[in-house]
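**Q** The following block contains the structure, expressed as structure tokens.
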Amino acid sequence: VQLQAFGGGLVQAGGSLRLSCAASGRTFSDYDMGWFRQAPGKEREFAAFISWSGLTTGYADSVKGRFTISRDNGKKNVYLQMNSLKPEDTAVYYCAARLRKSGLGTTETQYDYWGQGTQVTVSS
């Protein structure tokens, strides 16, 4: 599966952005999806997860209550709605896919495919 993330940009603190990740190739509903992010000088970290069906989601504590992950299997897209953005949310955001399995996908090694990343910058 090929992934392409887009929707990043520059936003003021307290603002919102919606990231999208478009998939092509194999059946999208075969895959659980995740969003990760990498801030300058830091390791890439987990942000959000959604199961292939959309019934199970999970979030990093740092984004819980502010970010919402969703998916549309018919359109082969996964989304990350980001509200109440903070300067510390500044990072390159990546979408990732893994063949569906049980359990949350919260670590990089659980994923097989990655998008190219989209930059999110939150100004104070």
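The values are calculated or read from the model by the stated rules, or taken from the named source; none is laboratory data. As the structure is a prediction and not an experimental result, all values here were calculated from the model. Every residue, glycine among them, receives a Cβ derived from its backbone with ideal geometry; neighbour counts consider all protein chains shown. What goes into the accessible areas is simple: the full protein's heavy atoms, side chains included, and nothing from ligands, DNA or RNA. Shrake-Rupley method; radii C 1.70, N 1.55, O 1.52, S 1.80 Å.
**Q** Which of (1) buried (at least 17 other Cβ atoms within 10 Å of the Cβ); (2) more than 20 Å from Thr107 (Cβ to Cβ) is the odd one out, the single condition Thr27 does not satisfy?
**A** Unmet for Thr27, out of (1) buried (at least 17 other Cβ atoms within 10 Å of the Cβ); (2) more than 20 Å from Thr107 (Cβ to Cβ): (1).
**Q** Would you check if Gly9 is open to solvent by 20 Å² or more (accessible area, probe 1.4 Å), over 18 Å from Thr118 (Cβ atoms) and not basic (Lys, Arg)?
**A** Numbers: open to solvent by 20 Å² or more (accessible area, probe 1.4 Å): yes; over 18 Å from Thr118 (Cβ atoms): no; not basic (Lys, Arg): yes.
No: the conditions fail for Gly9.
**Q** Exactly one condition in (1) among the polar types (S, T, N, Q); (2) modelled with pLDDT under 95; (3) not in a loop (DSSP other than H, G, I, E, B) is false for Gln119; which is it?
**A** Looking at each condition in turn, Gln119 falls short on (2).
**Q** If the requirement is being surrounded by 14 or more Cβ atoms within 10 Å (Cβ to Cβ) and over 16 Å from Ser20 (Cβ atoms), which of these qualifies: Tyr79, Tyr111, Tyr94? Break it down into steps so the answer makes sense when it comes.
**A** On the way: Tyr79 fails: over 16 Å from Ser20 (Cβ atoms); Tyr94 fails: over 16 Å from Ser20 (Cβ atoms).
Just one listed residue meets the conditions, Tyr111.
**Q** Is one or more of the residues making up the stretch 37-49 open to solvent by 10 Å² or more (accessible area, probe 1.4 Å), more than 15 Å from Tyr111 (Cα to Cα) and either touching a residue at least 60 places away in the same chain (Cβ under 8 Å) or part of a strand (DSSP E or B) (or both)? It would help to see each step written out before you state the result.
**A** The initial filter retains those residues of the stretch 37-49 that are open to solvent by 10 Å² or more (accessible area, probe 1.4 Å), namely 37-46.
Cutting the leftovers down to more than 15 Å from Tyr111 (Cα to Cα) gives us 38-43.
From the residues that got through so far, the ones that are either touching a residue at least 60 places away in the same chain (Cβ under 8 Å) or part of a strand (DSSP E or B) (or both) too are 38.
Yes, that holds for at least one residue.
**Q** When both residues are 6+ apart or on different chains and their Cβ atoms are under 6 Å apart, which pairs have a first residue that lies in the stretch 14-25 and is touching a residue at least 24 places away in the same chain (Cβ under 8 Å) and in a loop (DSSP other than H, G, I, E, B), and a second that is among the charged types (D, E, K, R) and open to solvent by less than 10 Å² (accessible area, probe 1.4 Å)?
**A** Taking only residues 6 or more apart or on different chains, not a single pair turns up.
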